[in-house]
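Report on one structure; see the data block that follows.
The values are calculated or read from the model by the stated rules, or taken from the named source; none is laboratory data. None of these values were measured; they are calculated from a predicted model. Virtual Cβ from ideal backbone geometry, glycine too; neighbours counted across all protein chains shown.
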Amino acid sequence: MKKLYLSLLWHQHQPYYKNDSDGRFYMPWVYLHALKDYYEMAAHVEKSGVKAVFNYVPSLLIQLKEYTDFNAADNFLILMRKQTSSLTQEERQLVLNQCCMANFNTMIKPIKRFYELHQKIVASNGNAADFSDAEILDLEVVYILSWCGEYLRQEDTHIKYLLSKGSSFTEEDKIELLKHAADWVSKIVEIHKRLQVNNQAEISCTPFYHPILPLLIDINSAKEVCPDMNMPAFEGSLEDDASWHVREGLNEFESHFGFRPKGMWPAEGSVSQKAAEIFADNGISWIATDEEVLGNSLQINMKDGANRHRLYQKHFQIHNGNKINIFFRDKMLSDLIGFTYSSWNEDDAVNDFMHHLKNIYDSVDFSPHVSVILDGENAWEYYNKNAYNFFTKLYDRLTHTDWLQTQTFSEVISNYDIPEETLHNIKAGSWIMGNFRIWIGHPEKNKAWELLSKTKRSIEKHISNADKAAAEQIYKEYHAAEGSDWFWWYGDDHFSIQADIFDKLFRTHLVNIYRLLKLNVPSELFTPIKAVKNSGVITKPSSYICPKIEGKISNFFEWLGAGEFDLKSDAGSMHAGGDILQHILYGFDDENLYIALKSDFSSIENTVCQIDVSCSDNKKTFEIDLDCKKNTSGDITYAIDHILEASIPLKLFKGAEKIYLEFKLIQNGLVIEKAPLYNAVEINIADDFKEEWIV
């Protein structure tokens, strides 16, 4: 009987946030995602009966193990464990700054006390000196509660008690919460072992520190798909390091789980022909990447419906007698979950997902295999209730659909209902645009590669002078510096308010190497690579404006005094395709909000630009057909020529002091681009022009 076989892979990964020279964790994101996502995603599977693949990066497993200790040496948790009254003013400010880092709509607003304190943070311009000891203590507790997943909220009695109590927390409340949190972290590996033993999930891993393996093997592989790539001045080869990350990644994984994984998700889905051979030589039976890599490898257009059937077959190679299967994810289905469905009603989202699967099922005359692969942690904070309702409903539908069956990748390998074909060559690429531009090519990224190269040459020249312990630490620091995350945050692709910390951690790994080698540290390692960049606000509004809506800036003065916002500023730890929505000018007068969207729409057809404008208790959605160049009726007036200009009456948001803007491009019913990616442009429409930032 024909079936559609669906494999879900949830990739669990955070950078290596620890500075081994002082033993401290400099950012708490492993700990926070452990509370919110790692246990929770496994619990969804255990409860539902679907099958899934969970991929864990070995360097993440090392960090998780440390967080099972209540006294984990994390800079934030060290402050959290202190009596609030004993915190210095600088420490209070550090606590307050960290406690602002949560999604406003889904994490802050649903917790009444957190929302109250957040409003005061905004009103005080984030000045911790304006907060009492009791307020700082409440903020610490509600912040951790906001990062507790739904399963923790349902199953942990102390967490339920604190949520019920709501405010006026005690130091004892806080310490007990931190103890319970450490206990939950200790259950993460345990629940995944149980899923593997019960054949409900397959657990796989990534090379040790999450490196872009093809670039380590041959940095010029970046030019296979992008021959015009601006390359760093890089000498030597890191191919031995690539093999180390695979080999030692497997060993580290086995030390935590007690078994060796059969498959590996290469960091960022980054593959090449040589990388596949290294995986095969290490006994790996499957790897996975993106459909764009398949298209590049077969030299076909994967968006062409006539070629889509190739995606839903199995693909394999044989190296030195070892067969390795290569799975390719369905980009659209993966991105729908990662970037689109968070703003949908859960029933509509599930129905839409199942509709797309049924279309695939009906489009081929064989049993197709569909791979849905994405980040298993960062997307859910943009869903209501951490996507609890979405996954409950999705997994229920998947288990009760007779033409569909979920399988792990290892099960798919043994499933002979699915046709397979030999893949003769793998074009180097990743799951983002099928290339490596996110990690190389930009001057900042190239500078990091050049520093790696220089440090490698220093190691090779002086390592013989180091004793065994120092040599082991030198190589550990270097391998950690090869992780993909440092290069992710360099350049203009992504924004993080903590980008300076990522930059410093990368350079610290290299600084530590020179100190272990007892060499003078090159001065350039003390100079930031990352250019300072604030959030999306480029220019704040400085006066009222009243531009003529005609689709072009006809004179210099009509938008003078407007604010400008970089719509790509929050393309953070995940990545969605699309580069059309770039910048907006915005401003207002007594009657209207004015928007100028500076984008090139000439490359797209049959597309709607959706503008969502909301305030605390009201939301309006405006749809602009980009093929219709002008509209003067209804609630929105717009014109499209060189740019898109629009005006929206402020009376629709009567009484609001702040409004929030989000933009989406919709083509054939699918969101092809969203900006800002996760947040919103916050505009203070009061007349003092002092507050607007991304929230």
task: Quickly run through the stretch 256-270 and pick out the residues that are assigned to a loop (DSSP other than H, G, I, E, B) and under 22 Å from the mean Cα position of the chain (by Cα).
output: 265, 266, 270
statement: Pairing a residue in the stretch 274-288 that is at positive phi and outside any helix (DSSP H, G or I) with any residue that is buried (at least 18 other Cβ atoms within 10 Å of the Cβ) and not β-branched (Val, Ile, Thr), where Cβ atoms lie under 9 Å and the two sit 6 or more apart in sequence or on different chains, gives 283/250
query: How many residues, within the stretch 380-402, are assigned to a loop (DSSP other than H, G, I, E, B) and either under 23 Å from the mean Cα position of the chain (by Cα) or touching a residue at least 24 places away in the same chain (Cβ under 8 Å) (or both)?
result: 2
message: I'd like the full set of residues that are free of Cβ contacts under 8 Å to residues at least 40 places away in the same chain and either touching a helix residue (DSSP H, G or I) at 6+ places or on another chain (Cβ under 6 Å) or polar (S, T, N, Q) (or both), limited to the stretch 454-470.
response: 464
field: Candidates 173, 138 - the one that is part of a helix (DSSP H, G or I), touching a Ser or Thr at 6+ places or on another chain (Cβ under 7 Å) and farther than 30 Å from residue 435 by Cα
entry: 138
field: Lone unmet requirement of (1) under 19 Å from the mean Cα position of the chain (by Cα); (2) surrounded by fewer than 23 Cβ atoms within 10 Å (Cβ to Cβ); (3) in contact (Cβ under 8 Å) with a residue 24 or more places away in the chain for residue 29
entry: (3)
- prompt: Being polar (S, T, N, Q), surrounded by 11 or more Cβ atoms within 10 Å (Cβ to Cβ) and under 18 Å from residue 565 (Cβ atoms), is that true of even one residue in the stretch 615-631?
  reply: no
- prompt: Can you tell me which residues in the stretch 362-379 are outside any helix (DSSP H, G or I), surrounded by fewer than 22 Cβ atoms within 10 Å (Cβ to Cβ) and more than 28 Å from the chain's Cα centre (by Cα)?
  reply: 364, 365, 366, 367
query: Which helices (runs of 4 or more DSSP H) sit wholly inside the stretch 408-515 and have at least 2 residues that are closer than 21 Å to residue 218 by Cβ and among the aliphatic types (A, V, I, L, M)?
result: 443-462
query: Could you give every pair whose Cβ atoms fall below 6 Å, whose first residue belongs to the stretch 602-624 and is farther than 21 Å from residue 682 by Cα, and whose second residue is of a type in the set (A, V, I, L, M), counting only separations of at least 6 or pairs across chains?
result: 607/626; 607/665; 608/666
- line: Taking the stretch 238-247 and the residues there that are of a type outside the set (Phe, Trp, Tyr) and more than 11 Å from residue 215 (Cβ to Cβ), the one that is surrounded by the most Cβ atoms within 10 Å (Cβ to Cβ) would be 245
message: Can you find a residue that is touching a Ser or Thr at 6+ places or on another chain (Cβ under 9 Å) and not polar (S, T, N, Q) anywhere in the stretch 72-90?
response: no
field: Residue among 296, 307 that is in a helix (DSSP H, G or I), more than 20 Å from residue 419 (Cα to Cα) and not small (Gly, Ala, Ser)
entry: 296
task: Give just the number: which of (1) in contact (Cβ under 8 Å) with a residue 40 or more places away in the chain; (2) surrounded by 20 or more Cβ atoms within 10 Å (Cβ to Cβ) does residue 108 not satisfy?
output: (1)
message: With the structure loaded, tell me whether residue 203 is surrounded by 19 or more Cβ atoms within 10 Å (Cβ to Cβ) and touching a strand residue (DSSP E or B) at 6+ places or on another chain (Cβ under 7 Å) or whether it fails that test.
response: yes
query: Does residue 426 satisfy the condition of being in contact with a Leu (Cβ under 8 Å, 6 or more places away or on another chain) and modelled with pLDDT of 95 or more?
result: no
